[in-house]
Amino acid sequence: MTSITTPTTRNDLAVKPVEKGLLRFIACGSVDDGKSTLIGRLMLDAGAVYSDQLVSLQVESEKHGTNGGEIDTALLLDGLEDEQQQGITIDVAYRYFATKKRKFIIADTPGHEQFTRNMATGASNVDLAILLVDATKGVLTQTKRHAFIVSLLGIKHVVLAVNKMDLVDYDEGTFETICQEFKRFAAKLEITDLRFVPLSARHGENVAEPSAKMLWHADGSLLHQLETVYTGSDRNLRDFRFPVQWVNRPDETFRGFSGTIASGGIRAGEEIVALPSGKRSRVRSIVTMDGPLEEATAPKSVTLTLEDEIDVTRGDMICRPGNQPHVSRSGEAMLVWMSEQPLQLGRPLWFKNVAGRAICEVESLRYEIDVNSLHRTHAQKLGLNAIGRCSMSFHEPVVYDAYDRNRKTGAFILVDRITHETLAAGMFLEHDMSGESGEGPASFLPARKIKSQVAPELRSQRYGHEPFTVLLTGLPASGKTTIAKQLEQRLFDLGAIGMFIDGEAMRQGISKGLGFSTEERSENLRRGAEVAKLLNDSGQFCIAAFCAPEEAMRQKFVEIVGSHHVVHVHLDASVAACRARDTTGRYVAADNGQIEGFPGVDVIYQKPPAPDYTIATEDRIDVEELAGKVFAPFCRRTNVVANLSEIVFREDSI
Amino acid sequence: MVTQPIDPKESTRARGVASATTPHLDVLESEAIHILREVAAAFENPVLLYSIGKDSSVILHLMRKAFFPGKPPIPLLHIDSTWEFREMTDFRERYARQALGLRVIVKISEEGRQTGVNPFDYGSNAYTEVMRTQPLKEALTENGFDAAIGGGRRDEERSRAKERVFSFRDRSHRWDPRNQRPELWNIYNTWRRTGECLRVFPLSNWTELDVWQYIAREQVPLPDLYLAKPRPVVKRGGDLIVVDDERMRLEDGERPEVRSVRFRTLGCYPVTGAIESEASTIEQVVQELVETRNSERQGRAIDRDEACAMERKKREGYF
């Protein structure tokens, strides 16, 4: 007789491991870094290898192993006949193991010449990357390339695993040197959580268990890092995004919209908007086979029913009215090109993202990134494994976010319309307001922004540095102009392009006719900000020295120039000290009422509550020292002046 | 027989709101549902390859969830080798066809049946080719299916580790490991031309233990063969073969003896080894699996008959 087994009770012991977290990671390394050995070792030591597999591993290790008859864990991974016999490598493979704490999925990518495409594929789905370094070789160009792609794909957690520590006698100094070198490089990238582990994959030292040979390393084994890294905060919980995948309409009585919540969450009863139509309604219910839910968050796959019969189809995105993505027929994006056939501008291609698909064209290629030097170069086309920034246009409005805000809704693929080959992986950049906004609710008429034909990146590349503004503020005679001129000279000597401006220079031309009332000082500063912005837009630096006695004025300045570009340095000296060293007689004139509204005399000077840097100029102005002090902080602000820091330190960038 | 009516409304276990870290079974479930809906939406004529084993039973369960309250819009295809355990074909009729009311297509190799191809005389290679691979290809072509969902998992066997979730097959249903589409994020390239087909594996990221834990959690109905029970067996080439019906050919000196056995994987009974076990509930099975030191496919002759056998079969069109 046939029966169907239906379990009746839940055994706690057995069911308990169900509630594990899941960590997806990628392991990157060059051919000889020992990546296969490490992954094999992790799986073996974590107990993911069954004994019948272990028996064949032992046999194979004796036959093909490179470990002197001992177990060669790399052999666990060489799966395919072709790979074994012909030595070809097929891109990403996936491996699985679990410990008591977590389940792990490894995206195992080969380190061969096709690495960009393979790595991007593997990195697109993971939370963490292990970058493998050979302790005897140190940080190689390949390591930096890997780190760059990992950062490009938005992976926040990186573990630098320094392998083959057995070959350097488990020497702490060697490990430290490698870590320091990598840290200096990684400061240029968007890696928020960087960890370091010394290990020997071959001997299993510090892989699953802390090694007795490296007691100096207190941060635990690699497996410990993998088990404890916290990735919960990586998820975008703010922005509710629900791409409609399937309209569920089994009969006349039910109409629901099925999909996987890409980010954020929603509650029954909340108001929603469907994009690109912009039609609004409320969530009536969140339907699942296990019963209705009060609320649901990413990454749950659910079905929503709405209060109103609005028209929603596959490819639409449901969001909250107050928090919407871009709806546009154009966009700026980074592309990782994956095809042998190069990118052809203007050729219609299929675009597919989490929401839907559309026909698109790559309109222009702004630059290509050389993954060896990280430099941006002017390029006419993208070939296999190339990475470039492009402008795209779509034949219908497309719904998206910037990738660095939302990995799910910022990603897309491009597909050849004839061969159906996947041509590229794409990541949207922050929306360009000059683009057409489409017919979504965001379709107010944006102020037309004058856009230069020359991309800012190309200017940066030509000038060797990014544009930035140093705003120097402080009392009259606190040393602003002296320091500003020194900074200008030094930057010029380093090959940077730009100039110094101050209040007086402004008053000689642009602000001719402005007096010294609070309003007029404020207007002078505003014009100074516009000049700084124009200089920055042209790719140049600007050293701006202004008294700017009110905080509101300084904030306005930063806002006009753009906070990404401004470093605010406050020169801190008392009124008495400034007065004592003032050789222009301005303080005396203010005392006598000849100048009105003079900061420190008859108007209050508000000390900046939060300048980027404060330099005390009370006793003396050691220009040499101060210039150095201003430079040093610059160099740390690598997101603004990455290339400048290279100039300053005369450091080879990669 | 079905011990419990399958009424989805009965289930009250509404789990939805995720904490900081979503439990991995919830992540895997959500991912699989996403894949199944993508198949339903992006293809014109998809099918579920239903082998009645635990993996296709889990997929069937996930399909019910994906399209609830609607019925799964995807029919089931069973390639019946005629050498399945009787219990499996009974289960197919009673559960999938009757209890769930789904459309079930059964395909048997007419050529194989007429020639009398069996696992005893033809060897597992030729037998699998005639009774499984060929009829599968025929059924896909005859019905014009453009997507075939299968229960393959990447942890099963080494060549599977490199299989895509959406795995492209040419017009002859061949898999070319050197011509696979890169899979980025959860955005799947589902484009194909007439005659081309994709095989889709929603359980790609699941391990055997995940499957069993999910079966326990979700109370997924399964054939009884997965639970230990006294059954007549013979020991053959290291495997315990259950004597399921009178067609079983005993070799010289073989005499069936009754042992408490169960299966970790189900296939054609003469080539599927059972394991000795006392695990007679799903919970005990999960517990046994947590403790076992042997892989799932140790009982599958088909994987072992030559090096890289599975990969070769897959290239020829085997699932």
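Per-residue mean of foreign Cβ neighbours for A:115-127 is 2 (Cβ atoms of other chains, 10 Å radius). Accessible surface for the range A:138-246, divided over its residues, is 39 Å² per residue with a 1.4 Å probe. Using the alpha-carbon positions of the range B:224-303, Rg (one decimal) and Dmax (whole number) come out as 12.4, 39 Å.
Treating each Cα of the range A:472-602 as an identical point scatterer and summing with the Debye formula, the log10 of I(q)/I(0) at q = 0.14, 0.15, 0.21 Å⁻¹ comes to -0.63, -0.72, -1.35.
Available extension along the chain between A:GLU190 and A:GLU551 is 126.9 nm, counting 0.36 nm per residue and deducting the alpha carbon span.
Per residue, the accessible area of the range A:249-371 comes to 37 Å² when a 1.4 Å probe rolls over the protein heavy atoms.
Here the scattering of the range A:273-369 is modelled by Debye summation over its C-alpha atoms, one equal scatterer each and no solvent; at q = 0.17, 0.21, 0.22 Å⁻¹ the log10 of I(q)/I(0) is -0.90, -1.15, -1.22.
Expressed as a whole percent, the proportion of Cα-Cα pairs in the range A:242-319 lying more than 15 Å apart is 49%.
Within 10 Å of each Cβ in peptide A:50-59, how many partner chain Cβ atoms are there on average? Round it to a whole number, please.
Working: counts 8, 5, 6, 6, 3, 1, 1, 0, 0, 0.
Other-chain Cβ atoms within 10 Å of each residue's Cβ, averaged: 3.
In whole percent, how big is the carbon plus sulfur part of the accessible area of the range A:114-177, probe 1.4 Å, protein atoms only?
Carbon and sulfur together cover 44 percent of it.
Cross-link reach is defined here as a Cα-Cα straight distance under 25 Å, omitting same-chain residues fewer than 8 places apart; for A:LYS607 the lysines meeting it are A:LYS480, A:LYS485, A:LYS533, A:LYS556, A:LYS629. Working from label points 7 Å from Cα in the Cα-to-Cβ sense, the A:SER563 to A:ARG490 distance is 2.6 nm.
The calculated FRET efficiency for the pair A:LYS100 and B:VAL106, based on their C-beta separation and a Förster distance of 35 Å, comes to about 0.20. Straight-distance candidates among the lysines for linking to A:LYS137, with alpha-carbon spacing under 23 Å and chain neighbours fewer than 8 residues away dropped: A:LYS35, A:LYS164, A:LYS183, A:LYS188, A:LYS213.
Highest average first, the peptides A:205-216, B:192-203 ordered by how many other beta carbon atoms sit within 10 Å of their residues are B:192-203, A:205-216.
Indicate the gyration tensor shape class of the range A:21-233 (rounded, prolate or oblate), computed on the Cα atoms with a ≥ b ≥ c the square roots of the eigenvalues: a/c under 1.5 is rounded; otherwise a/b larger than b/c is prolate and the rest oblate. All intermediate terms of the calculation are to be shown ahead of the outcome.
Working: a/c = 1.38, a/b = 1.21, b/c = 1.14.
Rounded is the answer for the range A:21-233, as its axis ratio a/c remains below 1.5.
Once you average over the residues of A:417-428, how many Cβ atoms of partner chains fall within 10 Å of each Cβ?
Averaged over the peptide's residues, the number is 3.
Sequence gap at least 6, Cα distance under 8 Å: using those rules, report the relative contact order of the range A:242-319 to the nearest whole percent. Please report the intermediate quantities before stating the final value.
On the way: 180 pairs, mean separation 30.2, N = 78.
Worked out over the range A:242-319, it gives 39 percent.
Which distance in nm do the two modelled labels at A:ASP619 and B:GLU142 give, with both placed 7 Å along the Cα-to-Cβ direction? About 9.6 nm separates the two model spin labels.
Remark on the range A:286-309: accessible area falls by at least 20 square angstrom from chain-alone to full-complex state for A:VAL287, A:MET289, A:ASP290, A:LEU293, A:GLU295, A:THR297, A:PRO299, A:LYS300, A:SER301, probe 1.4 angstrom. Of the residues in the range B:166-190, those shielded by at least 50 Å² of accessible area once partner protein chains are present, compared with the chain alone at a 1.4 Å probe, are B:ARG178, B:PRO182, B:LEU184, B:TRP185, B:ILE187, B:ASN189.
A Förster radius of 60 Å combined with the Cβ-Cβ distance from B:GLN98 to A:ASP32 puts the calculated FRET efficiency at roughly 0.50.
Between chain A and chain B, roughly 8600 Å² of accessible surface gets buried, counting both sides and using a 1.4 Å probe. Averaging Cα coordinates gives a centre for the range B:145-184 and one for the range A:467-546; these two points are 62 Å apart.
The modelled label-to-label distance for the pair A:GLU523/B:PHE120, using points 7 Å beyond Cα in the direction of Cβ, is 10.6 nm. Our note on the geometry: Cα centres of the range B:58-91 and the range A:365-405, 45 Å apart.
So what is Rg over Rh here for the range A:327-435, counting just Cα atoms and using Kirkwood for Rh? Each step should come with its number before you reach the end.
On the way: Rg = 12.8 Å, Rh = 13.7 Å.
Ratio of gyration radius to Kirkwood radius: 0.93.
When the other protein chains are added to the chain by itself, burial of at least 30 square angstrom of heavy-atom accessible area (probe 1.4 Å, ligands and nucleic acids ignored) affects these residues of the range B:26-44: B:VAL27, B:SER30, B:HIS34, B:ARG37, B:GLU38, B:ALA41. Between A:ARG280 and A:ASP591, the contour length at 0.36 nm per residue exceeds the alpha carbon distance by 105.5 nm. Post the alpha-carbon centroid distance, the range A:303-325 to the range B:255-271, in whole angstrom. With the range A:303-325 and the range B:255-271 each reduced to a Cα centre, they are spaced 52 Å. The accessible surface of the range A:253-404, taken with every protein chain in place and a 1.4 Å probe, is 45 percent carbon and sulfur. Where Lys and Arg each count +1 and Asp and Glu each count -1, what net charge lies around A:ARG255 among other residues with Cβ under 15 Å from its Cβ? Residues close to A:ARG255 contribute a combined charge of -2.
The values are calculated or read from the model by the stated rules, or taken from the named source; none is laboratory data. Everything numeric in this text was worked out from a predicted model, so none of it was measured. As a convention, Cβ positions derive from the backbone with ideal geometry for all residues, glycine included, and neighbour counts pool all protein chains shown. Accessible surface is based on the protein model in full, side chains and every heavy atom, while ligands, DNA and RNA are left aside. Shrake-Rupley method; radii C 1.70, N 1.55, O 1.52, S 1.80 Å.
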